[in-house]
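Laboratory data are not the source of any read-out in this text; all were calculated from the coordinates shown. In this text, all values refer to a predicted model and were calculated from it rather than measured experimentally. With ideal geometry, Cβ positions are generated from the backbone for all residues, glycine too; neighbour counts draw on all protein chains shown.
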């Protein structure tokens, strides 16, 4: 599965943080090739007491474009180095399918030692 929806409970059925009602909630489309970083983003958003976030994660740009066509998102977090993408050109592709969603691009380059 290329996309995952992280509005989940843990194995014991306890809330992980997103199903707790909060004054403000929003939908996030996370386009990120690194699964561990995607989990980190989920955990950071889950620590907020003032908002609730539903995160939909895709590890591939073209799968994310299809998701964005079908459902509106309050914000898109975009890895510019996604393997099937085109760097800054990805922003134009996303704006074409999700014109009302703000896009926050990021790029983590790891140094080779």
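Summary table
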{"item": "Pairs, first free of Cβ contacts under 8 Å to residues at least 40 places away in the same chain in region 64-91, second surrounded by fewer than 16 Cβ atoms within 10 Å (Cβ to Cβ) and in a loop (DSSP other than H, G, I, E, B), C-beta under 7 Å, six or more apart", "result": "80/87; 80/88; 80/107"}
{"item": "Complete set of residues in region 93-108 that are in contact with a helix residue (DSSP H, G or I) (Cβ under 9 Å, 6 or more places away or on another chain) and under 13 Å from residue 29 (Cα atoms)", "result": "94, 97, 98, 101, 103, 105"}
{"item": "Residues of region 62-76 satisfying the condition of being closer than 11 Å to residue 101 by Cα and in contact with a helix residue (DSSP H, G or I) (Cβ under 7 Å, 6 or more places away or on another chain)", "result": "68, 76"}
{"item": "Subset of region 95-104 [surrounded by 16 or more Cβ atoms within 10 Å (Cβ to Cβ) and over 13 Å from the mean Cα position of the chain (by Cα)]", "result": "98"}
